[in-house]
Protein chains: 2
Amino acid sequence: MNIGDVSEASGLPAKTIRYYEDIGLITPLRSDNGYRQFTQAHLHKLAFIARARGLGFSIEQCRTLLALYEDRERASADVKALAETHLAEIDAKMAELADMRRTLADLVQCCAGDHRPDCPILKGLAAPVTGD
Amino acid sequence: MNIGDVSEASGLPAKTIRYYEDIGLITPLRSDNGYRQFTQAHLHKLAFIARARGLGFSIEQCRTLLALYEDRERASADVKALAETHLAEIDAKMAELADMRRTLADLVQCCAGDHRPDCPILKGLAAPVTGD
DNA sequence: CTTGACCTTCCAGTAACGGGAAGCCCTATC
DNA sequence: GATAGGGCTTCCCGTTACTGGAAGGTCAAG
């Protein structure tokens, strides 16, 4: 398969697939004309990466996951640990966003949002509301 | 004030403050020795930016907020609209994270996490679970 | 006079690609 | 055979919002 085929099959842009080759995630062979030649195994790997990325794993985490995936002796505990680490990262981000959201929603709610210049949002940014 | 003073007062690293000057967010004067000279107004602006950044506004959104902040004729509706746009961005990110979290948590829960190689997480990444 | 803390500029790197240029390859059509 | 098109190649720059580090000027204290 050429890059266009795996691109369509995996849903990944060709640019992204070339990038993954650059950083050593996949290593397609080349045909005589210099075109990358992909096998089903390559496609499988790319789909794996696409799904892991879709779950928010970083490229380096994907690299580790792929290595574990290809290691028939791996312990599932290793995979689980990585997944749990990532789960914790997600939770941390969600908590951070929730904090922002709370504060921002408060400010928005206080703002009349009319033609007048008086704006509690800007006031809140200029001097944070102290709950004391 | 020198950059170290505003850095400490605003909580922003000196590097970041220089960067903000680079991109035109602030424009301190220079003293004879070439050092940046900051006023209370500069510090005020930096603190404003720091808080807006803390709420997740992008640099460009901060630039707009600053412009609105310094425009005595602005309508609070403009500020509110920007804040609501950002609120929607936050909500979108939270929803995306929640989706990831759900799927990942499901996989993690199915994984024994022991010394054996059998791992539902890797299986799930290799071929997504279809709910059909 | 030297030491050390501060300040300056500039260059490079981060994550994970995306855009676009310049140019080769292959097939189809006229 | 010439050409048009689409796909492929490499290469380099741009993105966001900084951070790290090198090389060197400035200033106050001992």
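The values are calculated or read from the model by the stated rules, or taken from the named source; none is laboratory data. Since this is a predicted model, take the numbers as computed values, not measurements. Here the Cβ is made from the backbone with ideal geometry for all residues, glycine too, and neighbour counts use every protein chain on show. To get the accessible areas, we keep the full protein, side chains included, count just its heavy atoms, and leave off ligands, DNA and RNA. Shrake-Rupley method; radii C 1.70, N 1.55, O 1.52, S 1.80 Å.
If you go through the stretch B:2-57 and pick out every residue that is under 29 Å from A:Met94 (Cβ atoms) and polar (S, T, N, Q), you end up with 2.
In this entry, A:Ala14 is excluded by the filter for residues that are open to solvent by less than 70 Å² (accessible area, probe 1.4 Å) and within 13 Å of chain B (Cβ to nearest Cβ). Count of the stretch B:27-49 residues, restricted to those that are buried (at least 19 other Cβ atoms within 10 Å of the Cβ), within 15 Å of DNA strand D (Cβ to nearest atom) and not aromatic (Phe, Trp, Tyr), is 5.
When each of A:Asp99, A:Asp32, A:Asp106, A:Asp114 is tested for being more than 10 Å from chain B (Cβ to nearest Cβ) and within 30 Å of B:Ala50 (Cβ to Cβ), the lone residue that passes is A:Asp106. Taking the criterion of being among the polar types (S, T, N, Q), within 11 Å of DNA strand D (Cβ to nearest atom) and assigned to a helix (DSSP H, G or I), the residues of the stretch B:1-16 that qualify are B:Ser7, B:Thr16.
The set of residues from the stretch A:19-50 being hydrophobic (A, V, I, L, M, F, W, C), part of a helix (DSSP H, G or I), more than 11 Å from A:Leu66 (Cβ to Cβ) and more than 11 Å from DNA strand C (Cβ to nearest atom) comprises A:Ala41, A:Leu43, A:Ala47. Checking A:Thr103, A:Thr130 one by one, the residue that is open to solvent by 60 Å² or more (accessible area, probe 1.4 Å) and assigned to a helix (DSSP H, G or I) is A:Thr103 and no other. B:Gly56 satisfies every condition listed in (1) at negative phi; (2) within 8 Å of chain A (Cβ to nearest Cβ) except (1).
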